[in-house]
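Data block below; observations after.
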Amino acid sequence: MRKSVFFICWTLLSCCWSTQAEIFTSIGQMTDLIYTEKELVQSLREYIKAEEFKLAAVKSWANKLDALTRVSTSDPEGYLAHPVNAYKLMKRLNTEWSELESLVLQNPAEEFISNMSIHRQFFPDEEDQTGAAKALMRLQDTYQLDSEAFSRGKLPGMHSNALLTVDDCFDMGKTAYNDADYYHAVLWMQQSLKQLDAGEEAEVSKADILDYLSYSVYQMGDLPRAIELTRRLVAIEPSHQRAGGNLRYYERLLFKQLNEQNQTYQPPSEEPIQLGTYSRPQDHLPEREAYEALCRGEGLQMTEARRSRLSCRYQDGKGNPRLLLKPMKEEDEWDSPHIVRYLDVLSHEEIEKIKELAKPRLARATVRDPKTGILTTANYRVSKSAWLEGEDDPVVDRVNLRIQDITGLTVDTAELLQVANYGVGGQYEPHYDFSRRPFDTNLQVDGNRLATFLNYMSDVEAGGATVFPDFGAAIRPRKGTAVFWYNLFKSGEGDYRTRHAACPVLVGSKWVSNKWIHERGQEFRRRCGLTEVD
């Protein structure tokens, strides 16, 4: 019974997880999956009840017929000598066995399968699972968390029962391994082995873990440890297809290296392989270390002397009538380049309405390919976004007008209000908001992105800061507030100090909306400077 239920569920899930990619980049959309799963569990329970009822009826038939056949087979001729018995045998074989056949052929799974079919379009697929695994590794790197922290649910500021099993850790390691990411493969295979050695039950075998782990360690250049792990593998499974050959190859390679360097053999460390045992490979981002340090709250350059020059004030938009009675609260976040935060920009009701409008339109955020100029998805921008027009709802019009009142800049040539939701490991690596390439057709009419107005529409428990690696600033999300800065100098030249990033969300769901304000129409609102860097 359990096997048949498992087979039906697994078959349906394996064939259905292929329709809506990148769900993991939006917590807003993933919340729907929680309720979908709850409904499916209820449907599954109803199916099990129907199967149990059917099985009980079949058992009842079997018990009754078993008693009859015991009597009839003990003396077949004597049994059939009675005309009633002969009649009932004919009736059973002609009618009752047909009824039993119909009962057995009934399929209580039909309603469950129908319910699954309705929801299958929203199921994650292989790409989603791989993306979520890579997101955990991204969080692991950025916030310097070892694999055990994730496995035991120990994240900064919280401890939950969201635990990873031996098989979960193995799958994480295998995801990295298949991507030739041996650094993370080592970390997760080691954690899987550690939990297995501690006595946890698992479907994966120790031999399989050691096979992946030993080769990944070899790829990281640690021959002594690769040899020790492969010897453990051979001891467990002497006939392993690759282990013997790998061991002989590793030993020859190590012997050759020791001879060339005139060194003696040093036994491998008995310490577990943890974060920091091996150096993390370099990647495409030159300021990776500075960026991630700021995400962790390290390397901040806001000294006391600099902080003393910052201030807060009421801002009425230079006499804007809509702000005279209720001016905005304005706080300095940074002095140069000048970044300010506005308080109470969006109300809770406005935020919820914007999220409601955006949620059904959320799609994987795109960036412009530097070679082709075509919008495409990228691993360094992991979020979902939607664009809202003023005609969509009066609240969008109100927000656009409020941004214009606060900044004193026209939004007539600005881009639509972009709403973004960051989910598991959601981030946007260091980038410029202004364009440095002349082929951006959207800039040929309205000019470059002069300024950025960024609304925070949620608090974030951990992670998710907006950081500026060039000058060491980190701005934490605070629901209802907004930050504003100019991307261009008054001369129209790009201010390269404004290169910024959205740190990965460690715990929570990050909602933001932003308005990119363009140059055209600002000629008398922000006058040109006399020098390139005015």
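Quick rundown of the values:
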| item | result |
| --- | --- |
| In degrees, nearest ten, helix 2-16 long axis to first principal axis of the chain (Cα) | 40 |
| Order by protection proxy (mean Cβ within 10 Å, highest first), peptides 499-509, 31-41 | 499-509, 31-41 |
| Heavy-atom accessible area per residue - the chain, 1.4 Å, Å² | 54 |
| Mean projected area in nm² (Cα convex hull; one quarter of hull surface) for the chain | 39.3 |
| Long-range HN-HN contacts of residue 459 with modeled amide H, under 5 Å | 479 |
| Simple label model, 7 Å out from Cα along Cβ direction - residue 231 to residue 77, nm | 8.0 |
| Where labels lie 7 Å past Cα in the beta-carbon direction, separation of residue 105 and residue 34 in nm | 4.5 |
| Solvent-accessible area, 1.4 Å probe, carbon plus sulfur percent, for region 404-534 | 48 |
| Efficiency of FRET between residue 489 and residue 302 - r from beta-carbon atoms, R0 30 angstrom, step 0.05 | 0.85 |
| Full-extension gain in nm, residue 257 to residue 287, via 0.36 nm per residue minus C-alpha separation | 7.4 nm |
| Extension gain, residue 415 back to residue 161 (0.36 nm per residue minus Cα-Cα distance, nm) | 87.1 nm |
| Between region 130-157 and region 244-317, the alpha-carbon center distance in angstrom | 15 |
| Order by protection proxy (mean Cβ within 10 Å, highest first), peptides 105-112, 260-267, 463-470 | 463-470, 105-112, 260-267 |
| Karplus 3J(HN,Hα) series, Hz, for region 419-435 with 6.51 cos²θ - 1.76 cosθ + 1.60 (x for Gly, Pro) | 10, 10, 10, 9, x, 4, x, x, 7, 9, 5, x, 7, 9, 7, 7, 9 |
| Region 204-212 - phi-based ³J(HN,Hα) in whole Hz, Karplus 6.51/-1.76/1.60, Gly and Pro as x | 6, 8, 4, 4, 5, 4, 4, 4, 5 |
| Length added when fully stretched, residue 84-residue 67, from 0.36 nm per residue minus Cα-Cα | 4.4 nm |
| Helix 243-260 axis, angle to the chain major axis (alpha carbon atoms, nearest 10°) | 40 |
| Note, ³J(HN,Hα) from phi for region 221-232, Karplus 6.51, -1.76, 1.60, rounded to Hz, x at Gly and Pro | x, 9, 5, x, 6, 4, 5, 4, 5, 5, 4, 5 |
| Carbon plus sulfur fraction of accessible area for region 212-331, probe 1.4 Å, in percent | 50 |
| Mean Cβ neighbour count within 10 Å, used as a protection proxy, ranking 430-436, 306-312 highest first | 430-436, 306-312 |
| Exceeding the 31 Å Cα-Cα cut-off - candidates 38/515; 329/515; 318/353; 38/154; 154/384; 38/64 | 38/515; 38/64 |
| Computed FRET value (nearest 0.05) for residue 401 with residue 331, which takes r as the C-beta separation and R₀ as 22 Å | 0.50 |
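The values are calculated or read from the model by the stated rules, or taken from the named source; none is laboratory data. What you see is a predicted model; the values in this text were computed from it and never measured. Note that each Cβ is placed from the backbone with ideal geometry, even for glycine, and that neighbours are counted across all protein chains shown. Side chains are part of the model used for accessible areas, which takes the heavy atoms of the whole protein and leaves out ligands, DNA and RNA. Shrake-Rupley method; radii C 1.70, N 1.55, O 1.52, S 1.80 Å.
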